[in-house]
Structures are given as structure tokens and as C-alpha cells.
Amino acid sequence: MSDDDLRLRLDVAYDGTSFSGWAVQPGRRTVQGELSDALATVLRTPVTLTVAGRTDAGVHARGQVVHLDVPRATWEAVPGRSDRAPEEALVTRLAGVLPPDVVVSRATPAAAGFDARFSALWRRYSYRIDDGADVDPLTRAWVLRHRRPLDADAMHEAVRGLLGEHDFLAYCKPRDGATTIRTLQAATVGRRDGQVEVGVRADAFCHSMVRSLVGALLAVGEGRRPVAWPREVLLAGRRDSGVAVAPPTGLVLEEVGYPADAELAARARTARAVRVLRTDDDGAAHQG
């Protein structure tokens, strides 16, 4: 980014039902593709987007965060002849060109050192499941319909056994050169309005991790597996054919958390470092 450029932060929400995920793919409709095209139209210049978390096909977001760099003159020209601030003008103009399943709720100049991906401290996802007899068809796009009753208490006990820093290879689809070491900071399962809601927060999630965790929890909730099984799978350190990847329907990226402005650059440097696990003689894992 040159001295003449300005970094913008966008807060974005979308219904992922009709998208082939976040990332641009030739011949497919993606969130990145729609947002890039809309921004290029409004700003009259091509843009490159960096996202906090790349969501898969069919996954939704309420709290996605994106950054892009634009010339300062381009930013200042966004309001045109109106007396609106650039922040308000960009949101309004994007609403006029984006499809209805993508919304930019806020656009602001980012603090120094901000990186939507690497400055993030955590991402928080929810996964909603309807296991009742009286199903609301209006929720079919964002709540998974499950035809067997679930024991939410057993699922909650099971997911608590996964907290902490681990190599989550057993719950991830590895990518070349990418680590599967993650820190699961918080995890809960409970009922809300009769539905089962899984909530997880981690420093980052690897490919298919949340949906694989939910798949393991569903096996526990149905009584097909004991409460201890998801942790046993984790510690085995390899993909387990017994773990089904849950459908994307119920998964929502709810929020991304960042440190104070003065700590953004330092956090980004830390997040870019390669992570490894080291263990003591007692088997306790540590970050190295």
C-alpha cells in the first residue's frame, strides 16, 4: 500500500444460500465476486479484497470483515456532489448495486496496521439445528432440519473437551502449507427457542472445522457415540470416517474480534508466524 492509498474496513453480512462460498471461482457466483464488482462500479477502479474468514458454499455471515486499499482521492470522491461523508455515501451507493443477499453495513477508514485477516483475535460462529416435530419452514435456509431428537446437554459436555490449543487435523481438510493448529477459546451447546444452538469461538478455523465439529456433536446428541468420543478423535490426530461434515445450512459467521488499534500491527505479525505444538513429558501441549 502506497502513501497515497487508504485502507478501508467493510462490515459485511450475507445469506450464503445461493453462493459457492466467499472466494472467487470461475463460472460460479461468489460473495467476493459480487462485492468486488459492486465496489469497482462505485469506486470506478478494480479492487482487491482481504477477508477475515473465507466461508464455504452455503455458509452465511452476519459479522464478516473485509479490507481493501484505495487511493485517497477515490475515497474522497465517493460522495460526489452530495454533502454526505464518504463513509455514509459508500454504504448507500453499494446498497444500490449489490444484490439483496449481500449487505455492507459499515465502511470506515481502518486504523494503522489493520488487516482483516491477520489482525483478528478470534472468529465466532453459530450453528442452529431444529430437531423438533413442529418445524418452521421459514428457517430452512439458515437452520438445519434434523429428524432425530438431540441431547443438547451431552453435546455441550462433549464440546467442552475440545477447548484449548490443539492440532485439529482430525476435524479439518488440510491445505498444502497451512497449519491445522488452532485455539478453541469458547464452545457451548444449548437450546434457544426450542432449537439446538452450537456456539464456537477460536483464534481461527481451518477448512470445514466447524462443520466437522458439529458432525461429531450430532453423533453424541443422537446417542450413537459417547461424550468422550469427540476428544478421542481430536487426540488421535487423523481424519476419522465416523465424523460426518454437517451441512452448511445452519452455519453463520457471527462476529470477528480485533485488539485495540495500537495492537493491530503486532497481532498481524504474530498471526503470520508458523505455529507448532510442543509437548512436555506429561503430554501437555504448548505453542512454540
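A simple count of charges around Val143, restricted to other residues whose Cβ falls under 15 Å of its Cβ and scoring Lys, Arg +1 and Asp, Glu -1, yields 0. Shape summary of the chain, radius of gyration then Dmax from alpha carbon positions: 20.5, 68 Å.
Among the trypsin sites (Lys or Arg not before Pro) in region 217-271, those located in a DSSP loop and surrounded by at most 15 other Cβ atoms within 10 Å of their own Cβ are Arg224, Arg238, Arg239.
Per-residue extension of 0.36 nm, minus the Cα-Cα distance of Asp176 and Ala244, leaves a gain of 22.3 nm for this segment.
Please give the charge dipole size of region 122-256, origin at the Cα centre, charges +1 on K and R Cβ atoms and -1 on D and E Cβ atoms. Round to the nearest 20 debye. Before the final figure, lay out the partial values.
Working: 20 positive and 18 negative charges, 70 e Å.
Using Cβ point charges on Lys, Arg, Asp and Glu, region 122-256 gives about 340 debye.
3J(HN,Hα) couplings calculated from phi for region 245-250 with the Karplus curve 6.51 cos²θ - 1.76 cosθ + 1.60 (θ = phi - 60°) are, in sequence order, 7, 5, x, x, 3, x Hz; Gly and Pro show x.
Considering region 61-105 at the alpha-carbon level, its Rg and Dmax are found to be 11.7, 33 Å. A simple charge model with +1 on the Cβ of Lys and Arg, -1 on the Cβ of Asp and Glu and nothing else charged puts the dipole of the chain at about 560 debye relative to its Cα centre.
Relative to one another, the C-alpha centroids of region 186-263 and region 32-96 are positioned 31 Å apart. A simple charge model with +1 on the Cβ of Lys and Arg, -1 on the Cβ of Asp and Glu and nothing else charged puts the dipole of region 60-150 at about 280 debye relative to its Cα centre.
Take peptides 124-132, 83-91, 29-37 and line them up by average Cβ neighbours within 10 Å, highest first, as a rough protection proxy.
Numbers: 124-132: 21.6, 83-91: 15.9, 29-37: 19.2.
Sorting 124-132, 83-91, 29-37 by mean packing, highest first, produces 124-132, 29-37, 83-91.
For region 122-256, a Kirkwood hydrodynamic radius built from all Cα pairs, placed in the Stokes-Einstein relation at 25 °C and 0.890 mPa s, yields a translational diffusion coefficient of 166 µm²/s.
Counting only Cα atoms, the size of region 37-157 along its three principal axes is 58, 32, 23 Å, in decreasing order.
Helical content of the chain, expressed as a calculated mean residue ellipticity at 222 nm, amounts to -7000 deg cm²/dmol (DSSP H runs of 4 or more residues, -39,500 (n - 2.57) each, divided by residue number, nearest 500).
Every number here is computed from the coordinates shown, using simple stated rules; none is lab data. What you see is a predicted model, and the numbers here were worked out from it, not measured in a lab. Ideal geometry is used to build each Cβ from the backbone, glycine not excepted, and the neighbour counts take in all protein chains shown.
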